Amino acid sequence: MSEQTSLQTLEGTLERLTFQNEENGYTVAKLVPKGKNYEVTVVGTLTGVNPGESVQLRGVWTTHPQYGRQFEVREYTVQLPATVEGIRKYLGSGLIKGIGPVNAGRIVDYFGLKTLDVIENDIHRLREVPGIGEKRTTLIARAWEEQKHIKEIMVFLQSHGVSTGLAVKIYKQYADQSLAVVRNAPYRLAKDIYGIGFKTADKIAQKMGFAVDAPERIQAGLRYALGAFSDEGHCFAWRDDLLTAAAELLEVPREACEPQLDALIRLEELIAENGESRITNSDSASKIQNLKSKIEQAIYLPPFLYAEKGVANKLRQLQTSARDRLAVFQNVEWDKAFAWLAERNPIRLAEQQQAAVRMALTEKVSILTGGPGTGKTTITRSIIQLLQAKRCSVLLCAPTGRAAKRLSEATGLEAKTIHRLLEVKPAEGFRFARDQENPLDADMIIVDETSMVDILLMNHLLKAVEAGSHLLLVGDVDQLPSVGAGNVLRDLIASAVIPVTRLDTIFRQAEDSYIIVNAHRINRGEMPVCNGPARDFFLFAADDAERAADLVLDIVARRIPAKFGYDADRDIQVLSPMHRGAAGVGELNRRLQETLNPPDARKAQSVHGARVFRVGDRVMQIRNDYDRQVFNGDMGRITALDLEEHTLTVNFDGALVGYEFTELDELVHAYAVSIHKSQGSEFPVVVIPILTQHYMMLQRNLLYTGVTRAEKLVVLVGNPRAIAIAVHNDKIAQRNTRLTERLLAWVPSSARGYYNGSQ
């Protein structure tokens, strides 16, 4: 007997969804069988279903060892609810914008079983319901029509495992053309819609009959594979590596990819640079000049090639321009200048710090790098004081809102994010108002946390720097590189064509902090000193992920608040090297939310797949959103959630930003975040699980970055062996970039080696 003929049928009304995976539609729901008054559990891929709907399911009964008897769904059909209570649940589920639980009750109480017929055929009668005015009726009418179109797409896509949220996005992107695009050009979905990757689009395309070796499929796979390289921080991929990755992804012979890659290059969708050597970030300037390696094509997505060339060309222009808006500092008597600073500040600049101040004010472009406690902020303040004394103008910026806020607090001047400084214009195709045609008006521009700046953003920033202005790039080159593609700060320093001061002395006021002492120990490849007399750096022993996770919860919720008085929800940040596992970001977020912001009848909440968003939750933006002016890594707190309007509001450091429920895949919870995502932020207290299970991620710069996020207290949860693995692993993941080479290409060898301080 075939499986098809052995399937059983189960009909009933969906009572509630207890779990739904947004990515694949896998759902756990409670269903009341037709004519019964008890609930059964149903599991399976159920996209586009809502509480209150009547469903006919085909599948098999199984017994789960933990959850007991449940119906495993293989096929299903959905009908509109046929009972008053079913209609009430259906409308109150959040399906229709403008109808929440309260208004659903009012409408169903008024129209009873005729409710859905009224909404479908005579919706203006809703104004008869107390509390439902013309404005809300219009909103409901529009949402109902939109939902009907979305339902069509749902029916079409449900066999392809596309989630409800993605189907809504398809409709928002293409409106009435949605089904035509899905049927005829499914690979467009991966390019046009955030949240739909190549694999989802490819699954749909295969169902539409696209051949495995169709040119459209292979070209889309090549673009996706190259995009995956940039997601890992590379500006380009070597041709051989790209072809290998695409062939594996597409499961086609490598030979099938060759002509399609050449076609994309002819169409200028991808750009190949010929006749270059395979060189890595870590190669010294002299090695780059003498390197003899195989000739190979570097394949770029156009924006990354243009950005690399743009950064190198603009730095050359700045360094060689005869115009100098700070020419007044060329003839300063520096002994007197530093004596003047000493009279006005409690901290006297060391010799190396004085050299950094002088360099920034006399060189058109310079770099200031060093670890915590080495005086970067003191130098920045001194530069600003001297600029102000000469009535010179200065602009301050940093990659993130938190970093900009810290810079402002440290200097007493306004500091902006780079995006806001450049005046991004999302309505004009995400154009920056500040560029080469409309440059920033400043004698000096200071950029903090430069290690976080990727190649694309650095290119936009440099376009807006006027040729006579000075540019000071401040950052810690030993931290993790930018989340985006490139390794800008490290590449600039490696070129040795830009003046650099590397600070390596911890000053007395920082020596009492084991956070700073241990950060430098880690950076030198030495084990940190834990549980020492400074009482600001601790290790709690745990050998497995489950024990570590339990300890993290106890330390955050009980031990630190009790011993040190820090607020568990506002002062303590958990940073994890990994996303998965019991001590990974995902599971820690779930448990920390339960502990720090549990369900409360007074707090509105909305369920989205496996996640619950609740008023009071800490959240993080995970993609650049130029319309809202929030960017990847920005952290905030949910302050409002409207179940009628299907909207949610997040406070990002004072800026209130609204989201529709269909856009919540841009947000993740932030009780725990990855160390990569924490860059540019500082927290009073940092708790870091570090285990041998994290082996693949245990690197010196990762642990160093995590530790340096803390201002007052660091707590490691794990074992010394895992810490030792990280401390001794100083291999920095190589990124494919050519910025160093481009900088060296136009600088004579006699001008290289421009470096001040220890290397």
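One table, with the values for the structure above:
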{"quantity": "Residue in the stretch 218-235 that is within 19 Å of GLU269 (Cβ to Cβ) and hydroxyl-bearing (Ser, Thr, Tyr) present", "calculated": "yes"}
{"quantity": "Count - residues of the stretch 397-413 that are of a type in the set (A, V, I, L, M) and over 22 Å from ARG344 (Cα atoms)", "calculated": "3"}
{"quantity": "Condition check for ALA549: aliphatic (A, V, I, L, M) and surrounded by 21 or more Cβ atoms within 10 Å (Cβ to Cβ)", "calculated": "yes"}
{"quantity": "Close pairs (7 angstrom Cβ cut-off, 6 or more residues apart or separate chains): more than 12 Å from VAL32 (Cα to Cα) in the stretch 9-21, among the charged types (D, E, K, R) anywhere", "calculated": "THR9/ARG58; THR18/LYS30"}
{"quantity": "Answer from GLY195, GLY233 - the residue that is surrounded by 15 or more Cβ atoms within 10 Å (Cβ to Cβ), modelled with pLDDT under 90 and closer than 20 Å to GLY484 by Cβ", "calculated": "GLY195"}
{"quantity": "Residue ID - nearest to GLU269 (Cα to Cα), chosen from residues in the stretch 176-197 that are part of a helix (DSSP H, G or I) and within 19 Å of the chain's Cα centre (by Cα)", "calculated": "LYS191"}
{"quantity": "Single unsatisfied condition, MET697 versus (1) at pLDDT below 90; (2) over 22 Å from CYS235 (Cα atoms); (3) of a type outside the set (Lys, Arg)", "calculated": "(2)"}
{"quantity": "Of residues in the stretch 633-656 being open to solvent by 30 Å² or more (accessible area, probe 1.4 Å) and of a type in the set (Val, Ile, Thr), the one nearest to GLN573 (Cα to Cα)", "calculated": "THR639"}
{"quantity": "Single unsatisfied condition, THR411 versus (1) in contact (Cβ under 8 Å) with a residue 60 or more places away in the chain; (2) out of contact with any strand residue (DSSP E or B) (no Cβ under 6 Å at 6 or more places or on another chain); (3) open to solvent by 10 Å² or more (accessible area, probe 1.4 Å)", "calculated": "(1)"}
{"quantity": "ALA355, sole failed condition from (1) assigned to a loop (DSSP other than H, G, I, E, B); (2) in contact (Cβ under 8 Å) with a residue 60 or more places away in the chain; (3) out of contact with any helix residue (DSSP H, G or I) (no Cβ under 9 Å at 6 or more places or on another chain); (4) of a type outside the set (Asp, Glu)", "calculated": "(1)"}
{"quantity": "Test result for ALA733, in contact with a Gly (Cβ under 9 Å, 6 or more places away or on another chain), closer than 23 Å to GLU449 by Cβ and surrounded by fewer than 19 Cβ atoms within 10 Å (Cβ to Cβ)", "calculated": "yes"}
{"quantity": "Index of the failed condition, ARG618 passing every other in (1) crowded, with 19+ Cβ neighbours inside 10 Å; (2) within 12 Å of the chain's Cα centre (by Cα)", "calculated": "(2)"}
{"quantity": "Number of the condition not met by ARG502 [criteria: (1) at negative phi; (2) surrounded by 21 or more Cβ atoms within 10 Å (Cβ to Cβ)]", "calculated": "(2)"}
{"quantity": "Helices (runs of 4 or more DSSP H) enclosed by the stretch 40-136 - at least 1 residues per element that are without any contact (Cβ under 8 Å) to a residue 12 or more places away in the chain and among the β-branched types (Val, Ile, Thr)", "calculated": "115-121"}
{"quantity": "Evaluation of LEU472 against (1) modelled with pLDDT of 95 or more; (2) under 25 Å from TYR626 (Cα atoms); (3) buried (at least 23 other Cβ atoms within 10 Å of the Cβ); (4) not acidic (Asp, Glu) (one fails), failing number", "calculated": "(2)"}
{"quantity": "Those residues of the stretch 580-615 which are open to solvent by 10 Å² or more (accessible area, probe 1.4 Å), small (Gly, Ala, Ser) and under 18 Å from the mean Cα position of the chain (by Cα), in sequence order", "calculated": "GLY586"}
{"quantity": "Looking only at the stretch 535-546, and only at residues there that are in contact (Cβ under 8 Å) with a residue 60 or more places away in the chain and within 15 Å of LEU713 (Cα to Cα), the one that is most open to solvent (accessible area, probe 1.4 Å)", "calculated": "PHE540"}
{"quantity": "Which numbered condition GLN70 fails, given (1) within 19 Å of THR647 (Cα to Cα); (2) among the polar types (S, T, N, Q); (3) at pLDDT 85 or above", "calculated": "(1)"}
{"quantity": "Answer residue from the stretch 670-682, given it is open to solvent by 10 Å² or more (accessible area, probe 1.4 Å) and out of contact with any Leu (no Cβ under 8 Å at 6 or more places or on another chain) and is farthest from VAL707 (Cα to Cα) among those", "calculated": "LYS677"}
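Yes or no, residue by residue, for (1) closer than 28 Å to THR505 by Cβ; (2) buried (at least 19 other Cβ atoms within 10 Å of the Cβ); (3) free of Cβ contacts under 8 Å to residues at least 60 places away in the same chain:
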{"site": "ILE299", "(1), (2), (3)": "no, yes, no"}
{"site": "LEU315", "(1), (2), (3)": "no, yes, no"}
{"site": "MET359", "(1), (2), (3)": "yes, yes, no"}
{"site": "ILE367", "(1), (2), (3)": "yes, yes, no"}
{"site": "SER382", "(1), (2), (3)": "yes, yes, yes"}
{"site": "GLN388", "(1), (2), (3)": "yes, no, yes"}
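The values are calculated or read from the model by the stated rules, or taken from the named source; none is laboratory data. These numbers were taken from a predicted model, which means no experiment stands behind them. So basically every Cβ, Gly included, is an ideal-geometry build from the backbone, and we count neighbours across all protein chains shown. In case anyone asks, the SASA skips ligands and DNA or RNA and just uses the protein heavy atoms, side chains included. Shrake-Rupley method; radii C 1.70, N 1.55, O 1.52, S 1.80 Å.
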